[in-house]
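Just below is one structure, and these are the notes that go with it.
FYI, it's all coordinate maths here, none of it is from the lab. Note that this is a predicted model, so its numbers are computed, not measured. Cβ coordinates were reconstructed from backbone atoms using ideal geometry, including for glycine residues, and neighbour counts include every protein chain displayed.
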Amino acid sequence: MTVVSGEHVTHGTAGVPRHATRLAGPQARQRTDGTDTKGQGVTGTTSPAGSEAARFGFTEGQVIQEWGYDDDVDAALREAIEDLGVELVDEDYDDVTDSAIVWWRSDDGDSTDLEDLLVDVGAALDDGGLVWLLVPKAGQPGHVAPSELGESARTAGLQPTSSIAAAPGWLGMRLVAKGRGR
């Protein structure tokens with residue numbers, strides 16, 4: 001089944017996790033000014049979403065790969081992250097990235113599916129890259145228990161280091177490669 005909505009095209013069938021779909025739209029936007037401002041620091045914003053975005057630790061010029069994008073993601077958070085001067089690219093991006101954002105919900109699959117996805121995410125990261133695993137908060141549809149997330153991350157070779165209230169409906173868990181960035 002193919003669903004076309006605005007700029008987004010989602011291909012999928014029942015039982016196929018969202019992370020296995022190809023997406024188009026704003027998550028695939030590329031910087032067009034050709035500048036390399038890596039290392040220039042974080043550009044702040046005063047909006048609540050901007051404050052939340054700054055807590056991810058992204059810096060201007062970084063390339064952040066986004067996995068599991070769907071119509072339920074927090075659009076204000078995504079926009080605030082882009083406003084920091086980072087480039088959000090989709091899961092089909094074929095180069096090394098600085099960090100990753102993974103949107104995950106209980107109906108995206110079981111813990112083995114999450115482990116497999118996190119292994120794929122880790123393979124695309126530059127050394128020292130962070131993974132932010134975003135899940136619906138407790139009481140929200142699609143919530144996944146933090147203990148299950150941590151177990152899947154550790155099986156995939158990643159270590160949970162902290163968690164934040166990433167957006168009004170989303171919890172963020174920071175993951176790093178084992179042995180790094182504690």
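Could you give me D for region 62-110, from Stokes-Einstein at 4 °C and 1.567 mPa s, where the hydrodynamic radius is the Kirkwood radius over C-alpha pairs? Units µm² s⁻¹, please.
112
Return the FRET efficiency for the residue pair Arg154, Asp126: r is the Cβ-Cβ distance, R0 is 30 Å, and the value is rounded to the nearest 0.05. If you can, show how the numbers build up before the last one.
Working: r = 21 Å, r/R0 = 0.71.
Rounded to the nearest 0.05, the efficiency is 0.90.
Using the beta-carbon distance between Ser147 and Glu60 and R0 = 35 Å, what value does 1/(1 + (r/R0)^6) give for FRET efficiency, to the nearest 0.05?
Details: r = 35 Å, r/R0 = 1.00.
With a Förster radius of 35 Å, E is 0.50.
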Q. How far apart, in nm, are two points set 7 Å out from the Cα along the Cα-to-Cβ line at Val119 and at Val96?
A. 2.2
